Amino acid sequence: AQSVSQHNHHVILSEAASLELGCNYSYGGTVNLFWYVQYPGQHLQLLLKYFSGDPLVKGIKGFEAEFIKSKFSFNLRKPSVQWSDTAEYFCAVNSDNNAGNMLTFGGGTRLMVKP
Amino acid sequence: EPEVTQTPSHQVTQMGQEVILRCVPISNHLYFYWYRQILGQKVEFLVSFYNNEISEKSEIFDDQFSVERPDGSNFTLKIRSTKLEDSAMYFCASTIGTGASTDTQYFGPGTRLTVL
């Protein structure tokens, strides 16, 4: 069975600081990896996804993530955060072997950016 | 931009009562999903639905749960006899329907179900 771990539950940064949120997954086969964001009071939105090709994926709002297969990791990064990045961030995974394409989520990381 | 919508935003019910949570997926989407998140826990997959039948369901999705596409726009989750442990945020999602696992799942804002 797949599982996803996000080791940072809460992160507090000041504006302009750099961000890296960890995501590790366990699955022996080929996976697709996703980062979703949930801004306060809003629905989950896709930031970026990886399924093949260049392991460095760029998403919306200046976010990027790097897939490192040997480490089973897909960490999210942003060079300079803004107050508006305050949100909860979820890493998720699925695979071609899932009938129905179910996503398995990590526990989420709450990011607070102080102005 | 089209969005998935869910109603109600908050539902309070008594234990043992039936509840129906409603979702309107994005109009040209063909795959539909329900997930839930119990407070303080991970978002968990419940069920996926395509072509008027369940594609996949998790262990959580027992006989108390059912899903239906009653018309061309709504997708519903019914809990037949609610338990305290069903209290959670329930999210609906949809994808465009190529069937690929790489398709983006678009999520609704959720329905918070509170069982008393």
message = If the reach is capped at under 20 angstrom between alpha carbons, list the aspartates and glutamates near A:LYS78, excluding any in the same chain fewer than eight residues apart.
response = A:GLU15, A:GLU20, A:ASP54, A:GLU64, A:GLU66, A:GLU88
request  = Answer rounded, prolate or oblate for chain A, using the Cα gyration tensor with square roots of eigenvalues a ≥ b ≥ c: rounded when a/c is under 1.5, else prolate when a/b is larger than b/c, else oblate.
outcome  = prolate
note = With all protein chains present, region A:3-97 has a carbon and sulfur share of its accessible area (1.4 Å probe) in percent of 53
query = For the protein assembly as shown, what are the per-bin percents of Cα-Cα distances with bins 10 Å wide, up to the bin holding the maximum?
reply = 8, 33, 35, 19, 5, 0
inquiry  = Could you check the spin-label model distance between A:GLN82 and B:VAL24? Points 7 Å from the Cα along Cα→Cβ, value in nm.
reply    = 3.1
request  = Could you work out the relative contact order of region A:3-97, using alpha carbon pairs under 8 angstrom and six or more residues apart, expressed as a whole percent?
outcome  = 37
note = A convex hull over the alpha carbons of region B:1-86 yields, per residue, a volume in Å³ of 110
query = Given the C-alpha centroids of region B:9-77 and region A:72-114, what is the distance between them in whole angstrom?
reply = 22
key: Rounded FRET efficiency, nearest 0.05, which uses the C-beta distance separating A:LEU46 from B:GLN41 and R0 of 30 Å   = 0.90
note = Under 5 Å from the placed amide H of B:SER55, counting only residues 5+ away or on other chains, we find B:SER48, B:PHE49, B:TYR50
inquiry  = Skipping prolines and chain starts, which residues have an amide H placed within reach, meaning under 5 Å, of the one on A:LEU47, given they are 5 or more residues away or on another chain?
reply    = A:TRP35, A:TYR36, A:VAL37
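Nearest 0.05, what FRET efficiency do A:SER26 and B:THR114 give at R0 = 35 Å with Cβ-Cβ as r?
Numbers: r = 33 Å, r/R0 = 0.95.
In this case the efficiency is close to 0.60.
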Neighbourhood charge, 12 Å Cβ-Cβ cut-off, centred on A:LEU33 and excluding it, Lys, Arg +1 and Asp, Glu -1 = +1
query = With +1 on each Lys and Arg Cβ and -1 on each Asp and Glu Cβ, how big is the dipole of the protein assembly as shown about its Cα centre, in debye rounded to the nearest 20?
reply = 440
task = Using Cα pairs closer than 8 Å and at least 6 residues apart in sequence, work out the relative contact order for region B:5-115, in percent.
result = 37
remark   = Residue-ordered couplings for region B:43-52, obtained by feeding phi - 60° into the Karplus form 6.51 cos²θ - 1.76 cosθ + 1.60 and rounding to whole Hz (Gly and Pro as x), are 5, 10, 6, 10, 7, 10, 9, 8, 6, 6
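The values are calculated or read from the model by the stated rules, or taken from the named source; none is laboratory data. Please read all numbers here as calculations on a predicted model, not as lab measurements. Don't worry about glycine lacking a Cβ; one is built from the backbone with ideal geometry, like all the others, and counts go over all protein chains shown. Heavy atoms of the whole protein, side chains included, go into the accessibility calculation; ligands, DNA and RNA do not. Shrake-Rupley method; radii C 1.70, N 1.55, O 1.52, S 1.80 Å.
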